[in-house]
Each structure stands twice: as C-alpha cells, then as structure tokens.
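S.K.: I'd like to ask some things about the structure below.
The values are calculated or read from the model by the stated rules, or taken from the named source; none is laboratory data. Bear in mind the structure is a predicted one, so any value in this text is a computation, not a measurement. So basically every Cβ, Gly included, is an ideal-geometry build from the backbone, and we count neighbours across all protein chains shown. Heavy atoms of the whole protein, side chains included, go into the accessibility calculation; ligands, DNA and RNA do not. Shrake-Rupley method; radii C 1.70, N 1.55, O 1.52, S 1.80 Å.
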Amino acid sequence: QDEEKWDFVLVSNIHEAGSEKEIKRKKFLDELSKKGFTIKKIEDKKLFYGVRAPKQIFRKYQWLLRNPDSRLQNADAHHDVPVTTRMRIVNFILQNTVTPDLEKLHDLMKKKVFETTFPLHEKEEVREFLTEKWARWREIFCQQPIEEIRCYFGEKVALYFAWLGWYTYLLGIAAVVGLVVFVAGITIFNSSQVSKEICEATNTIMCPLCDQKCPFWLLSDTCTYAKVTHMIDNEGTVLFAMFMAIWATVFLELWKRQRATVVTDWDLYRWDEEEEELAMELINNLQHEPRQYQHSYFRSTIMLFLVLVMIVVLIGIAHALVIYRVIATAFFTQSNLELLSEQANTMAVMTGAVLHYITIVVMTKVNRRVALYLCDLEKPRTFSQRENNFTMKIFTFQFFTNFSSLIYIAFFLGRINGHPGNYVRIAGKWRLEECHPSGCITDLFIQMAIIMLLKQTISNVMEYLVPWVAYKLRKKQQRPKKRRVMLGEEEEAEDPCKRQWLSNYLLDEVNIFSLFDEFLEMVIQYSFTTIFVAAFPLAPLLAFCNNLFEIRLDAIKMMRLRRRMVPRKANDIGIWLQVLEAIGILAVIGNGLVIAITSDFIPVQVYKYTYSPCMTENSTDVDCLTGYINHSLSVFRIQDFEPYTKPGLALTGLRCRYRDYRNADDYSYTVQFWHIFAARLAFLILFEHAALCVKLIAAWYVPDVPQSVKNQFLHRKHSNLRKELRWVMRQEV
C-alpha cells in the first residue's frame, strides 16, 4: 500500500506530440527520474503525473539535520520521516530542479507547460479525525487539536491556529470588560449633566451647518445624539483604554510562553531555518553554493522612496473620502427628504464608512500587487526573507488603507474647519465638516462599527462562499467519462489513484500566501480591537464572536474546499510578533490621543476643576458640570457672516453659537482654549508614559519562557554531557 502513496501530483494540459511544451515537460520529468523519482502518468482531460521521491533523499535529510544532542546515536538508526516533512522536501526539490534549458518549475508553469502542482489529501486517520473533530461548526466552543493539525498541515499552520485560539481565548476577557463599560454607559444614558443641558437648551440658537439652505437650529434638537455620545464618552472609557493597553502586552507575553511550551514539545525550540534550507539545497544539488548576504543602500533608498509614494497615495484616498463627506453633507442638507436634511451629517458619516469599506476591499488587491512588485525589486536572499519583506510592506499599506480615514475623524475632524465668518473650504466652495457640540467621538464610533461589521459579515461570507461555489461549479462541469491509465505500454480500465487525484485537482488552489492572508486579516482585526478601542468599547466583543467562527471557517476551507497546503516548518509566528508588538505601542499612542483630543474628557475635567460653580462659588448642592455647555460654546455675530453664504433667517436675536473657545469681539482664542490645550498635552504625556511603564512592568513580570521549559533543556544538556563523559571513560578503559 505504501508503494501507491504519492508525494506530489503535477498537472499538465495535453500538448501536441513534438510540440515545444511537450519537449520541455519531458525534459523536466527526465531530470526528476535522474534523481531517482518514481513517476506515474494518468491521462484524463488533463495529464496527471504522480511523483514519489526515493528513500535515500529522506535518509540524507535525517542524517544532515539529526538532533545535535544525539550525535552518539547509531548512524544507521533512522525512523520514517513524517508525511509533512516528506512533502516539504519533495516540494523543495520540485521547485529547484533545473532543466537543461535552465528552467525551473516556476518558469514552466508561467509558460503553461504545467498547470499546477499539489500534495494530496490522503484518506488517513489524522484527516478523518480533523474532519470530524475540528472542521465542524458544532465544535465551535471546543479546544483545537493542535498536535493533529501539526501532523497533517505542518508546524506553520499549527502555530497559526495555536496563536488564533490563544488570541480568541484572551479576547473573551477583553470582550467582557468592554461590554461592562458599554452597559455602564447605557445605564447613565439619561443621568449625564452635559446631555441634560443640551436637551434643555431650547433657547440656544446654533449657527447653520452649511452655507445656503441651512437654517439656524436649536441645540436641544440634538438631544438624542448628545445622550449617545455620553454613552461612549465617559470616565469608564478612559479606564478601558488603559486596560486594553495592558491587555495587549499581557496577551503577547503569555503567547510567548505558550509558544515556547508548544515548540519545546515538538522539539523545535532551537531549530535553525537557515541550516534546514542549506541542507535541502545540498540534497537537491551537491554542487550548490549558497547565496551570500548582501545589502545595497541605494536599493534600500529607492525602496523607501517607493513605499513613501504608495503611503502618500493611500493618504490621498483618505482625503478623497473626506471630500466625499463634505460634498455629501452639503448635498443631503439641501435634499427635499426631511430625514436626509435633518440627519445630513450622520448620513454622510454612514455612507462615507460604506465607501471606506469598498476602498479597503479594492485597495487590498492593489496593495498586494505593489508589495509583491517591490519585493521582486529587492531580490531577497531566501524565501523566508522575501516573506518577511512582503509582510512588512503589505501591513504598512493595509494599515494606512484601513486607518487613514479613522485618523482624520479622530484627530482632525472639526479642528481644522475654521469658524463662522472664516471657514476653511475645499476649492473655495465647500465647508469642512464640524463636530457636534457634544463631541466628535460618535462619528468615530459609527465609522468603526460599520467597518468592523461589514468586514466581519460580508468579507467572511465571501471568504467561504466564493471557494464553495467555485468548487461546486468545477465538480458539476467534470462529467465522469471512461478514462485510460497509461503505464508504459499497458492500459488499464480502472486505477485507484484516478479518483483521488481528480478529486484533489477539483479543489480550490492554494498558494504560498493562503496562510499569510489569514494572518493579515487577524492582525488588522487586532489593530481595530486595540488602537481606537477608546471610541468603540464593543470592538473586542465583535472580534471575539468573529474569531469563534473564523477558526471553524478556516478549518472547513482547509479540510474540504482547498487542496492540501504544502507544509512549512516553523518554531514561531515569525515577523508577525514584531508587527503585533508595534501595534501594542500604537494602541497606547492611539488611545491616548483619542482620550486627549477626540473625547470631551479633558475639557469636561478642566471645567469641573477650574471654572465650574463648585470651584467659583463653592456650591456643593449643584452638579459641578452645570453650565459646561454654555461655557464650551462661543458667540458669533450674524452680520459677520461672509456676504455670499446667505444663511437662513435667525429665529431671534442677532447672534448664534458654535463649538469653540473664541472671543466674541475678534474671534481669537480665549484663555480657556489654551488652558484646555495644555491639559490635553499634559494628559497625553502622562497617559502614554504611565501606559508604557505598565507595559514594560508587565513584560518583565511575565517571563517569556516558562521555568518548566528551561528545566527541560537543563536536564537534557546534563544527561547528554553525562553520556559523553561515560563514553570517553569507556574508551580510556
């Protein structure tokens, strides 16, 4: 039965006898035969070539990479290599076999000599177990069988699922805390003094939100909006942002411990990727010379310049979204539909968020092409180096694609738009948006909620449906016909390999970035969950629910809808760990800025402890925030409007109010503005230093490697040295 197990299958179209493609194919297969490979050909609508590597290849691999701790073992003692290792070695040899025309498999596939190549899903015990106990929706709350995943897909895939499981497990804690903070916000929905004042401000006339058709309006009209804002923007959110900064650190430190335990069990803790790659190169070709390490400052400078150009393009797209929102607000305000004209700003934010999601989907594809092109320009030395370079570039591009618009809403919206009589305009025509009198944080909340919900529903549904539909269509098109198997001159009517090879061929293709895509999706989600969590306390809950489905979705895709991935060896999650640590630092900066700049937390505290009745009149029987709204609105004289703006008629009086701290005479900033500005800056420095100190303490407090793992290595070294000493003493005798 072992003789009928094939390591890989190569698929080719049926080419005309004597054609260039057929000659190239024959040359490649001849090279494999010279290396001792067994090749079996099956003809259907396509040509299928099963390849099986000779045993001596795996013996060489075992001898070259035998455990350095077991040098004293008998050289002849060898065990069968695991299936995943077989596949990895065979794939390496296939990819690096050179024909007499100096072409590799990659070049032949470009020239359509071969269509595809893949390892087989075998009907083995591990597969049955994973299909039943892992790739099932009913197992959604069960622990994952990481050891079995490793035996079937290799260490890299197993580490991805171990990391994703650990991340989801700890997200549960953050989700509960976020939910408590959000529910606490709802309970004080009606009790906030600030929103009470807005609801009671029936005499406060606000300046128009646009130029021509917009009327003056009463502050009390936005009562509900003010209540919703306070539900998000309260003291609990500040504490939650601090908690999430610590959570991100603790999560990574605990993951390092978890990873150390897992890879020690696999005996891979001190595994050297470079040594493995050199060994496989030598097994494939004894004359191989390794590529030297090189660094070109000129190439790095060009690369940096091109990356910066791409970032500028992505920021330009964010600017286009801002312009859309400005024009949409003006358009909706002038609409005849009452709902649109009354909620113009909110509708612009919501449609802008949907548009932002569409740009994310489109730019993800563009970013990938650009990142791959830049990687090709760099000419990295090894595949893992290429993967690391690609990871850094695409993450940078994706970060700007996903977050540029959010950064604008969080830190620039309502702060660069000028004031009545002197508005900042796009093309001298459209006014930039303003913040609501109760703050800008609700806009950020709406934007994040829409993007996260769309990403987690539409993207996940498409991620599953597209391969499923494609697989079903291919299956339907494949009509069972009588096929022939050609083994030399003999012909057989039936062959046990036919059905298996064909069913594997009909599955969705996997590429080297299939697992990378899953990682990127999760890391971007991790960014959403941590960086702006102060504005959206429900982010961890949404991420937690999504991940429960994501694990099973990925499992079902890998087991049933996709061809088997080529296993990869790994002892950590690679450069992603550095990316996650960078996000942890960005989370501290991002949340500090959201609380200091976006939120009304600082202006409220400054008022409470400096200008409130409690401080000025020593009144203890009134709420300390009484008068805050009146204090935070500036006065504007209607005759000072630009002549061409023609605002609607005022309800009463000749003055209107707007959100800012400016003098009524010359519209310069008041003392309060500078007081609040200083307080914001002081809070930002204090928050970030405190959070970073706590992060450092947490990183020190939780050791990266558990003591049990250290003791295991200590014991192993001790016993090996003792064995060596005994052997030496025996030789002396």
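S.K.: Considering only the range 39-62, how many residues are open to solvent by 60 Å² or more (accessible area, probe 1.4 Å) and either farther than 20 Å from Pro119 by Cβ or not basic (Lys, Arg) (or both)? Working first, answer last.
M.R.: Filtering the range 39-62 down to residues open to solvent by 60 Å² or more (accessible area, probe 1.4 Å) leaves 41, 45, 55-56, 59-60.
Restricting the remaining residues to those that are either farther than 20 Å from Pro119 by Cβ or not basic (Lys, Arg) (or both) gives 45, 56, 59-60.
So the count comes out to 4.
S.K.: Can you tell me which of Ala320, Ala330 is in contact (Cβ under 8 Å) with a residue 60 or more places away in the chain, open to solvent by less than 100 Å² (accessible area, probe 1.4 Å) and small (Gly, Ala, Ser)?
M.R.: Details: Ala320 fails: in contact (Cβ under 8 Å) with a residue 60 or more places away in the chain.
Residue meeting the stated conditions: Ala330.
S.K.: Could I ask something else about it? What number of residues within the range 694-720 satisfy the criterion of being closer than 16 Å to Phe251 by Cα, part of a helix (DSSP H, G or I) and not basic (Lys, Arg)? Before you say what the answer is, go through the steps one by one.
M.R.: Restricting attention to the range 694-720, the residues satisfying the condition of being closer than 16 Å to Phe251 by Cα are 694-706.
Still in the list and also part of a helix (DSSP H, G or I): 694-701.
Checking the rest, the ones that are also not basic (Lys, Arg) come to 694, 696-701.
The total comes to 7.
S.K.: Can you confirm whether Ala587 is in the same structural domain as Leu413 (by the TED database) and open to solvent by 30 Å² or more (accessible area, probe 1.4 Å)? If you could, list the steps in order and put the result at the bottom.
M.R.: Numbers: in the same structural domain as Leu413 (by the TED database): yes; open to solvent by 30 Å² or more (accessible area, probe 1.4 Å): no.
Taking the combined requirement at face value, the residue does not satisfy it.
S.K.: Kindly list, by first and then second residue, each pair from a residue in the range 280-298 that is in contact (Cβ under 8 Å) with a residue 24 or more places away in the chain to a residue that is in a loop (DSSP other than H, G, I, E, B), limited to pairs with Cβ atoms under 6 Å and residues at least 6 apart or on different chains.
M.R.: Pairs that qualify, where the first residue is in contact (Cβ under 8 Å) with a residue 24 or more places away in the chain and the partner is in a loop (DSSP other than H, G, I, E, B), are Glu281/His288; Leu282/His288; Arg291/Arg381.
S.K.: Restricting to the range 279-300, what's the tally of residues that are more than 19 Å from Arg386 (Cβ to Cβ) and either touching a helix residue (DSSP H, G or I) at 6+ places or on another chain (Cβ under 8 Å) or open to solvent by less than 70 Å² (accessible area, probe 1.4 Å) (or both)?
M.R.: Counting residues in the range 279-300 that are more than 19 Å from Arg386 (Cβ to Cβ) and either touching a helix residue (DSSP H, G or I) at 6+ places or on another chain (Cβ under 8 Å) or open to solvent by less than 70 Å² (accessible area, probe 1.4 Å) (or both) gives 4.
S.K.: With (1) open to solvent by 40 Å² or more (accessible area, probe 1.4 Å); (2) in the same structural domain as Tyr471 (by the TED database) as the list, and Asp554 as the residue in question, which single condition is left unmet?
M.R.: Every listed condition holds for Asp554 apart from (1).
S.K.: Looking for something part of a helix (DSSP H, G or I) and open to solvent by less than 50 Å² (accessible area, probe 1.4 Å) - is there at least one such residue anywhere in the range 721-733? Steps first, please.
M.R.: Pass one, the range 721-733, residues part of a helix (DSSP H, G or I): 721-732.
Still in the running and open to solvent by less than 50 Å² (accessible area, probe 1.4 Å): none.
Checked the range 721-733: no residue is part of a helix (DSSP H, G or I) and open to solvent by less than 50 Å² (accessible area, probe 1.4 Å).
S.K.: Leu29 versus (1) surrounded by 14 or more Cβ atoms within 10 Å (Cβ to Cβ); (2) of a type in the set (A, V, I, L, M, F, W, C); (3) touching a residue at least 24 places away in the same chain (Cβ under 8 Å): which is the lone unmet condition?
M.R.: (3)
S.K.: What pairs come up if the first residue lies in the range 209-221 and is assigned by the TED database to the domain that holds Ile327, the second is surrounded by 16 or more Cβ atoms within 10 Å (Cβ to Cβ) and assigned to a loop (DSSP other than H, G, I, E, B), and their beta carbons are under 6 Å apart, counting only those six or more places apart or on different chains?
M.R.: Sorted first by the residue in the range 209-221, then by its partner, the pairs are Cys214/Pro208; Phe216/Pro208; Leu219/Ala201; Leu219/Thr204; Ser220/Ala201.
S.K.: Residues that are out of contact with any helix residue (DSSP H, G or I) (no Cβ under 8 Å at 6 or more places or on another chain) and either open to solvent by 50 Å² or more (accessible area, probe 1.4 Å) or of a type in the set (Ser, Thr, Tyr) (or both): does the range 390-407 have at least one?
M.R.: Looking only at the range 390-407, we keep the residues that are out of contact with any helix residue (DSSP H, G or I) (no Cβ under 8 Å at 6 or more places or on another chain), and these are none.
Within the range 390-407, none of the residues are out of contact with any helix residue (DSSP H, G or I) (no Cβ under 8 Å at 6 or more places or on another chain) and either open to solvent by 50 Å² or more (accessible area, probe 1.4 Å) or of a type in the set (Ser, Thr, Tyr) (or both).
S.K.: A follow-up question, please. Which residues, counting only those in the range 223-269, are β-branched (Val, Ile, Thr) and open to solvent by 50 Å² or more (accessible area, probe 1.4 Å)? Break it down into steps so the answer makes sense when it comes.
M.R.: Of all residues in the range 223-269, those β-branched (Val, Ile, Thr) come to 224, 228-229, 232, 237-238, 246, 249-250, 261-264.
Once the filter is applied, which keeps residues that are β-branched (Val, Ile, Thr) and open to solvent by 50 Å² or more (accessible area, probe 1.4 Å), the range 223-269 yields Thr224, Ile246, Thr261.
S.K.: Restricting attention to the range 333-349, and to residues there that are polar (S, T, N, Q) and closer than 11 Å to Lys213 by Cβ, which single residue is most open to solvent (accessible area, probe 1.4 Å)?
M.R.: Among residues in the range 333-349 that are polar (S, T, N, Q) and closer than 11 Å to Lys213 by Cβ, the one most open to solvent (accessible area, probe 1.4 Å) is Asn336.
S.K.: Count, please, the residues in the range 557-578 that happen to be surrounded by fewer than 21 Cβ atoms within 10 Å (Cβ to Cβ), aliphatic (A, V, I, L, M) and in contact with a strand residue (DSSP E or B) (Cβ under 9 Å, 6 or more places away or on another chain).
M.R.: Matching residues across the range 557-578 total 1.
S.K.: Out of (1) in contact with a Ser or Thr (Cβ under 6 Å, 6 or more places away or on another chain); (2) closer than 30 Å to Ala682 by Cα; (3) assigned to a helix (DSSP H, G or I), the odd one out for Ala534 is which?
M.R.: It is condition (3) that Ala534 fails.
S.K.: Please enumerate the residues belonging to the range 88-132 that are open to solvent by 10 Å² or more (accessible area, probe 1.4 Å) and either among the polar types (S, T, N, Q) or touching an Asp or Glu at 6+ places or on another chain (Cβ under 6 Å) (or both).
M.R.: Asn91, Gln95, Asn96, Thr117, Val126, Phe129, Thr131 - these are the residues of the range 88-132 that are open to solvent by 10 Å² or more (accessible area, probe 1.4 Å) and either among the polar types (S, T, N, Q) or touching an Asp or Glu at 6+ places or on another chain (Cβ under 6 Å) (or both).
S.K.: Please indicate, with yes or no, whether at least one residue in the range 552-563 is not in a helix (DSSP H, G or I) and not β-branched (Val, Ile, Thr).
M.R.: Filtering the range 552-563 down to residues not in a helix (DSSP H, G or I) leaves 562-563.
Within this subset, residues satisfying the condition of being not β-branched (Val, Ile, Thr) are 562-563.
Checking the range 552-563: at least one residue is not in a helix (DSSP H, G or I) and not β-branched (Val, Ile, Thr).
Every residue, every condition in (1) farther than 26 Å from Phe601 by Cα; (2) over 32 Å from the mean Cα position of the chain (by Cα); (3) surrounded by 14 or more Cβ atoms within 10 Å (Cβ to Cβ); (4) not polar (S, T, N, Q), yes or no:
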position: Val671; (1), (2), (3), (4): no, yes, no, yes
position: His675; (1), (2), (3), (4): no, yes, yes, yes
position: Arg680; (1), (2), (3), (4): no, no, yes, yes
position: Phe683; (1), (2), (3), (4): no, no, yes, yes
position: Glu688; (1), (2), (3), (4): no, no, yes, yes
position: Ala691; (1), (2), (3), (4): no, no, yes, yes
position: Lys695; (1), (2), (3), (4): no, no, yes, yes
position: Ala699; (1), (2), (3), (4): yes, no, yes, yes
position: Pro706; (1), (2), (3), (4): yes, no, yes, yes
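S.K.: Next question. Quick check: anything in the range 684-700 touching a residue at least 40 places away in the same chain (Cβ under 8 Å) and within 24 Å of Tyr269 (Cβ to Cβ)?
M.R.: Our first condition is that a residue be touching a residue at least 40 places away in the same chain (Cβ under 8 Å); within the range 684-700, this holds for 684, 687-688, 690-692, 694-695, 698-699.
Now narrow it down to the ones that are within 24 Å of Tyr269 (Cβ to Cβ): 698-699.
For the range 684-700, residues touching a residue at least 40 places away in the same chain (Cβ under 8 Å) and within 24 Å of Tyr269 (Cβ to Cβ): present.
S.K.: Here is a further query. When only residues in the range 634-677 that are part of a loop (DSSP other than H, G, I, E, B) and small (Gly, Ala, Ser) count, which is modelled with the lowest pLDDT?
M.R.: Restricting attention to the range 634-677, the residues satisfying the condition of being part of a loop (DSSP other than H, G, I, E, B) are 641-654, 660-661, 663-668, 670.
Those still in the list that are small (Gly, Ala, Ser) too: 648, 650, 653, 664, 668.
Numbers: Gly648: 53, Ala650: 44, Gly653: 59, Ala664: 87, Ser668: 91.
Across the range 634-677, the extreme among qualifying residues is Ala650.
S.K.: Follow-up. Go through (1) open to solvent by less than 20 Å² (accessible area, probe 1.4 Å); (2) under 20 Å from Trp166 (Cβ atoms); (3) among the acidic types (Asp, Glu) and name the single condition Glu581 misses.
M.R.: (1) is the only condition that Glu581 fails.
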